[in-house]
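The values are calculated or read from the model by the stated rules, or taken from the named source; none is laboratory data. Keep in mind that what you see is a predicted model, and the values were worked out from it rather than measured. FYI the Cβ positions are ideal-geometry reconstructions off the backbone, even for glycines, and counts take in every protein chain you see. We work out accessible area using only protein heavy atoms, side chains counted, and drop any ligands, DNA or RNA first. Shrake-Rupley method; radii C 1.70, N 1.55, O 1.52, S 1.80 Å.
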Amino acid sequence: MKWMSESRVPAVLMRGGTSRGPYLLEGDLPSEPALRDRALIEIMGSPNILQLNGLGGGHPLTSKVAIVAPSTQPDADVDYLFAQVSVTEATVDTNPNCGNMLSGVGPFAIDAGLVEAVDGETEVRIFNRNTSTHVRAIVQTPGGRVNYQGATTIDGVPGSAAPILLTFMDAMGSKTSGLFPSGQRLEVIDGIEVTLADYGMPMMLLRAEDLDLSGDETPDELDARTELFAKIEALRLEAGRRMGLGDVSKLVIPKVGILSRPRRSDGTITSRYLLPHKTHRSHAVTGALCVAVASRSVGTIAHGIAAGGTGSVMVEHPSGVIQIELDFDASGNVRNASLIRTARRIFEGVVIVPPLVTE
């Protein structure tokens, strides 16, 4: 494919969990990262607040791309690279993972012929290149074909669909040196206590009350607080340095979780998840994993807030709740974490990419 002329890239637009974006085969994109990123920017229509010239939806949750390829790992079937395309800038960030977009990787890989389906359920072993971690997806495949229809609902998504079970096998220290990369479970930045944790996603966890919040504010209410975001960003920059991530001013990690007590009788903890410059309308899967593990780790901010329990953690968010099942080893360390998501194949075809010119 000659990328200096107009090109047509096969694409499938899918909803994965509470996110949406095109799923692409790596072989259909430029192999050189800078040129690949230019193609993704054109595909999504950035930079433009409405992304009028592309497939993006004008919001970080709908400006995501999943790139899938046959795996080079002996213990995986496919590789998954997540790309967050900025809405307002011509930038692409492949540092974070996205567990919601990951929900669609298994079905997409089967439909693309990368994994052979069996009658009933098909296991897809996924290697996430962003974090060098492994995820197992169980996809419903009656008659050897992906079934997207079902009765499973997830908060934040209208309607119902077939369940997809995701199990994160080795998510501890996804982008850093470990679960608590600074070596502490509780520390102070600019007079505010924080927990810096990394399970599935590097995060800075804060108490809502320490920010003069109740913790159950809506995303719109939080997004209107520009002075709050400026304060949190200053904390996040220092958190990134302490976590060994360096200068994170141009990165979306670490993400931020604002935590408070559960409101539901069956809830464990309430979280407002920052992207980090907007509030998630529900909650990131990987962020929920991190909040869940921190809530069961003695000495953290999350543990001090969370309702008691062991295996199952109910993380409340603006659209409802996300349930995380934690599996512990004999020493009390988290062995893996699982949750149910859904996906929908929306349309398939080709996206037309104009001639690419690198900087």
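Of the candidates SER338, SER295, SER312, SER282, the single residue that is touching a Gly at 6+ places or on another chain (Cβ under 7 Å) and in contact (Cβ under 8 Å) with a residue 12 or more places away in the chain is SER282.
The set of residues in segment 244-258 that are more than 18 Å from the chain's Cα centre (by Cα) and free of Cβ contacts under 8 Å to residues at least 60 places away in the same chain comprises GLY246, ASP247, SER249.
Scan segment 12-32 and tell me whether some residue there is loosely packed, with under 15 Cβ neighbours inside 10 Å, of a type in the set (A, V, I, L, M, F, W, C) and either touching a Lys or Arg at 6+ places or on another chain (Cβ under 9 Å) or more than 25 Å from ALA161 (Cβ to Cβ) (or both). No, every residue in segment 12-32 fails to be loosely packed, with under 15 Cβ neighbours inside 10 Å, of a type in the set (A, V, I, L, M, F, W, C) and either touching a Lys or Arg at 6+ places or on another chain (Cβ under 9 Å) or more than 25 Å from ALA161 (Cβ to Cβ) (or both). Pairing each residue of segment 232-243 that is among the basic types (Lys, Arg) with any residue that is crowded, with 16+ Cβ neighbours inside 10 Å, provided the two are 6+ apart or on different chains, yields C-beta distances under 7 Å for ARG236/MET204; ARG236/VAL248; ARG236/PRO254; ARG236/VAL256; ARG236/PRO276; ARG242/SER182; ARG242/LEU196.
Can you name the residue in segment 116-127 that is of a type in the set (D, E, K, R) and in a strand (DSSP E or B) and, of all such residues, is nearest to GLU26 (Cα to Cα)? The selected residue is ARG125. Residue count for segment 19-58, restricted to those that are in contact (Cβ under 8 Å) with a residue 60 or more places away in the chain, out of contact with any Gly (no Cβ under 8 Å at 6 or more places or on another chain) and basic (Lys, Arg): 1. Here VAL115 meets each of (1) over 21 Å from the mean Cα position of the chain (by Cα); (2) touching a residue at least 60 places away in the same chain (Cβ under 8 Å) with one exception, condition (2).
Annotation note: of ASP77, ASP93, the sole residue that is more than 18 Å from ALA171 (Cβ to Cβ), open to solvent by 10 Å² or more (accessible area, probe 1.4 Å) and under 14 Å from the mean Cα position of the chain (by Cα) is ASP93. Of the residues making up segment 203-230, those that are open to solvent by less than 50 Å² (accessible area, probe 1.4 Å) and over 23 Å from GLY267 (Cα atoms) number 3.
Please go through segment 173-201 and pick out each residue that is surrounded by 22 or more Cβ atoms within 10 Å (Cβ to Cβ) and touching a helix residue (DSSP H, G or I) at 6+ places or on another chain (Cβ under 8 Å). The answer is SER174, VAL194, THR195, LEU196, ALA197, ASP198, TYR199, GLY200, MET201.
Whether a residue is aliphatic (A, V, I, L, M) and without any contact (Cβ under 8 Å) to a residue 12 or more places away in the chain was assessed, and LEU13 does not pass this test.
In segment 133-236, counting only strands (runs of 3 or more DSSP E) that sit wholly within it, the ones holding 2 or more residues that are within 21 Å of VAL248 (Cβ to Cβ) span 187-189, 192-198, 202-207.
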